[in-house]
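Data first, discussion second: the structure below is written as structure tokens.
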Amino acid sequence: MDPNRFSDIAYEMSKSVEEAAEKAEEDETSVLLVIDWKESGYQLNVLLPEETELNKKDTDAYEAFLLSNFRYILMQKSDLEGTQIAELTMPIETVVRDSGVPAEESDEYAAAKGILARVLPYLNIMVLYFMILAYGQGTANAVITEKTSKLMDLFLVSVKPGEMLLGKVFATAASGILQIFVWIGGLFGGFALGIHFTKMVNPGTDMVLIQLVDSFGEFSGMFTASGVVLALLMLASGLLLYCSLAAIGGALAEKPEDLSSTNMLFVMVLIVSFFTTLYAGGTSADVPWDAITWQVWMPFTAILVAPTKILLGAMSIPEAVGSLGIVVASATLITMFAGKIYKSMSLYKGNPPSPKKIIEMMRR
């Protein structure tokens, strides 16, 4: 580290952290240095303002500078005797904290959150990716059923095409959502019952699996009820979003063989979203796990990124609700669009039409 990097820093005293934070907002290259005296020595808190050009690497470098030079700075600026200087050589406890996090908030789950932040995003992405592939294809096949079974004429006199497609999309998405909840319930319920009966037979059991589950229970306070609910709603609405997109391919196809070409939009959006999430900042190692990146505001990538951030508290409730609203609104609009295409293509015969011809048919 360059020893002269922090030689020209200007320090300004403030009466409180709030006053210092207001001053820091005037300069985007400022940080807050809070010096407290504890029983074990000085404690330095390096706070990063919400609006700043600096990053954690800068604060880490500044922290290292303070750790190595703070004692000597105090000695040089004081006219103290040897015994008094000895007090300045006591150990220093340094804490780097984001000013957006309340001071009273406990960091006891910081290590666990760091581990989960590395595991959950990939687990969430992989599970959703294969769920979407399976149920998206199922939606497209369900939409085309009446066309292949020659029952379209019968259905047209009993139900509107758009309403029928809407029902198919919701039914397929609901079955996928139900399956997710059954998996989650079966996983937690199975472990809970197994541990309960094991402890009933052998209360003093030292099984590694039971000890591992008990250790997870200590981190139950890391999650909030609102975060869990919003994360599950995001998963459900995301599956509905991709099912509605797959319905467009089913509405355009006349027979199952056509799905390979008409469902290309669904496949391309899913693949692009998948790799964008993995390699463009969603779960990249260069991006902090709690950073709110642009992916959470794009409907097709939000469902792959946002659930983990919501669950671990990286997103506030307003941000989570906003991201969820974007996904739900997008799913609604795409479903309505698919319904119009399905209505226009109800009695269509021939090869899948071009986009220009589809627009002309929908205008009639």
Quick one: is residue 204 in a helix (DSSP H, G or I), modelled with pLDDT of 70 or more and more than 26 Å from residue 334 (Cα to Cα)?
no
Only one of 122, 135, 109, 129 is over 30 Å from residue 24 (Cβ atoms), aromatic (Phe, Trp, Tyr) and at pLDDT below 80, namely 122
Selected residue (criterion: nearest to residue 65 (Cα to Cα)) from residues of the stretch 12-44 that are in contact (Cβ under 8 Å) with a residue 40 or more places away in the chain and part of a strand (DSSP E or B):
44
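The values are calculated or read from the model by the stated rules, or taken from the named source; none is laboratory data. What you see is a predicted model, and the numbers here were worked out from it, not measured in a lab. Cβ atoms come from the backbone with ideal geometry, glycine included; neighbour counts cover every protein chain shown.
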